[in-house]
Structures are given as C-alpha cells and as structure tokens.
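Engineer: Supplied in structure tokens, the structure appears directly below.
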Amino acid sequence: MIRTELESRAGGVVARVTIDNPAKLNILTSAVLRRFSEEIKSLEAKPSLRAVVLTGAGEKAFIGGADLETLGALDPASAREFIGLVHAACAALRECPVPVIARINGWCLGAGLELAACCDLRIAADSAAFGMPEVRLGIPSVVEAAMLPRLVGAGRARWLVLSGETIDARTALDWGLIERISSIDSLDAQVNSLLDSILAGEPEAIRAQKRLCKLWEEAPLAESVRASIDEFARAYESDEPRRRVAAFRRARRKAR
C-alpha cells in the first residue's frame, strides 16, 4: 500500500513515497495511515535525505480521501482513534526535516487534501480536482483542515469546508492552494525541476528553512524573528556560508 523508492541525485537522496492502491483511488484506511506515518518517520533517520515527493499511484487520484467503509462503521471512540491517525500522518509530513513536495495527479479529497496541505509545496496535473466533502457525509472537516485558511484565506477555506464542492486545478492555483499546474505528461518534469532547485541549496540551510517555515505558521511574530536570528547565527558554525558566498562572488566577477 505504501511504496518508497530512494533516488540518488546530484546533491543527495530523494525519497518518492507513493500511496499505491489506484483501483480504490489510493484511499486512506487505518492500516495505510499507520504505515504512512511509520514510513515518513523512518526517512528522518537518513542524513543524506534532501527531499520527499508524495504522490498516489495511477493517474486518477492523488488520494481520494478516507475509506468510506471505515467512516460508516465508526462510533465516538473509534472516530477519535481514526481521526488521530489522520492527524499523525499529517504531522509526520510537517515534522519531516526536509521539504516535502506533493505531486498531485488526480482527485485530492478530504484527508488527501489535508495531507497535501501539510506538504511544503504542491504541483498538480491540470486534470486534478480538490475538495473537502466531509459535511456531505455528516461530519465536519477537522485536524489539518486547519491548514486551509493559511493557504487560501478564511473565506475560501470556508467555501471548501461548508459547500463540500470540488474545485479544479486552475482555481486551486488561483486560490493559492497549489503552487504550479502542469499537464499530466509534464508533471514529473515539473517536480524534477523543483527538486533541482531545492538540491542546489545547502542541505543544512534547507533544513533550517523548513523549521522556520513551520514556525512562521505557528508562532507569534516576535518568537519567529528571535528563532530566525538563532538559525542565521547557527549557520555560521560551519564554513559553508563563507565558501558559498566566495564561490558566488567569483562566478559573478567572471560573468562581468
């Protein structure tokens, strides 16, 4: 159900994590959610890891949401347990120390959209569709649906969670829900281009930047500024900034 491939690229290792159940639109069962969290956390131990790409198998769906059979059988106690698994999977992506890119190749619904919202960057096929249909099933959108106002603003987030309507990729781009769209044939090329840009950065600086991006979403401004100063100073504990600045200056002089 969860397939992970490690790819060695110039600059480090990229993990490509695939929810692999295309016949059922890569839906999220309790077992899949547990395995997913374990898999993402296991990647954290790889010091050479530079980025993670999350996608769904096939071309029909990124993640078509939570398993309806499971949702239909829950009671208050098991509902709390199941939604805790969704939250844990989302938290694993946000806690992952390297950038996570969502490669969105089709339906991105409910808990699938929550996972996408917890990735750092999102690139979608122009055929992708996005929605939060939970209210039509008698339940509210919860846990990391709280990321949506941060991405699209309060009004558009309310539109998604109150109407249950789906939006297309162009609308998602216009709203700021995703960062780029592409034809399905060019989707991997777009993802690889973004990976090249990330891998061009210094590894520890990229990890520090991800920590700060997460903090900026959660902390008051003054705390975010203080932490940013600490991260800036910490970068100079190695010689990497001096080396890279010197190389940049040499290249600029040659270009004149």
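Engineer: Can you give me the number of residues within segment 4-20 that are farther than 17 Å from Ala116 by Cα, open to solvent by less than 30 Å² (accessible area, probe 1.4 Å) and not hydrophobic (A, V, I, L, M, F, W, C)?
Structural biologist: Of the residues in segment 4-20, 1 are farther than 17 Å from Ala116 by Cα, open to solvent by less than 30 Å² (accessible area, probe 1.4 Å) and not hydrophobic (A, V, I, L, M, F, W, C).
Engineer: Would you check which residues across segment 180-211 are part of a loop (DSSP other than H, G, I, E, B) and farther than 18 Å from Val14 by Cβ and list them?
Structural biologist: Listed by number, the list holds a single entry, Ser183.
Engineer: Further question on the same structure: Return a yes/no flag: does segment 112-126 have any residue that is farther than 24 Å from Gln190 by Cβ and open to solvent by less than 30 Å² (accessible area, probe 1.4 Å). Don't jump to the end; show me each part of the working.
Structural biologist: Taking segment 112-126 first, the residues farther than 24 Å from Gln190 by Cβ are none.
No: segment 112-126 contains no residue that is farther than 24 Å from Gln190 by Cβ and open to solvent by less than 30 Å² (accessible area, probe 1.4 Å).
Engineer: Just to be sure, is Trp159 open to solvent by 30 Å² or more (accessible area, probe 1.4 Å) and either free of Cβ contacts under 8 Å to residues at least 12 places away in the same chain or within 21 Å of Lys214 (Cβ to Cβ) (or both)?
Structural biologist: Considered against the rule, which asks whether it is open to solvent by 30 Å² or more (accessible area, probe 1.4 Å) and either free of Cβ contacts under 8 Å to residues at least 12 places away in the same chain or within 21 Å of Lys214 (Cβ to Cβ) (or both), Trp159 comes out as yes.
Engineer: Select from segment 31-63 the residues that are surrounded by fewer than 19 Cβ atoms within 10 Å (Cβ to Cβ), of a type in the set (Lys, Arg) and touching a helix residue (DSSP H, G or I) at 6+ places or on another chain (Cβ under 8 Å) and write down the one among them that is nearest to Ala125 (Cα to Cα).
Structural biologist: In this case the residue turns out to be Lys60.
Engineer: For Leu173, indicate whether it is aliphatic (A, V, I, L, M), at pLDDT 95 or above and either more than 30 Å from Ser48 (Cβ to Cβ) or touching a His at 6+ places or on another chain (Cβ under 9 Å) (or both).
Structural biologist: Criteria met by Leu173.
Quick grid of which residues meet (1) within 15 Å of Ala102 (Cβ to Cβ); (2) among the small types (Gly, Ala, Ser):
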| site | (1), (2) |
| --- | --- |
| Val13 | no, no |
| Val17 | yes, no |
| Asp20 | no, no |
| Leu25 | no, no |
| Ser30 | no, yes |
| Leu43 | no, no |
| Leu49 | no, no |
| Gly56 | yes, yes |
| Ala66 | no, yes |
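Engineer: Could you say whether any residue in segment 35-45 is under 17 Å from Glu5 (Cα atoms) and at pLDDT below 95?
Structural biologist: Checked segment 35-45: at least one residue is under 17 Å from Glu5 (Cα atoms) and at pLDDT below 95.
Engineer: Gly84: on the phi > 0 side of the Ramachandran plot and open to solvent by 10 Å² or more (accessible area, probe 1.4 Å), yes or no?
Structural biologist: Working: on the phi > 0 side of the Ramachandran plot: no; open to solvent by 10 Å² or more (accessible area, probe 1.4 Å): yes.
No: the conditions fail for Gly84.
The values are calculated or read from the model by the stated rules, or taken from the named source; none is laboratory data. These numbers come from a predicted model, not from an experiment. Ideal geometry is used to build each Cβ from the backbone, glycine not excepted, and the neighbour counts take in all protein chains shown. These accessible areas exclude ligands, DNA and RNA; they are computed on the full protein's heavy atoms, side chains included. Shrake-Rupley method; radii C 1.70, N 1.55, O 1.52, S 1.80 Å.
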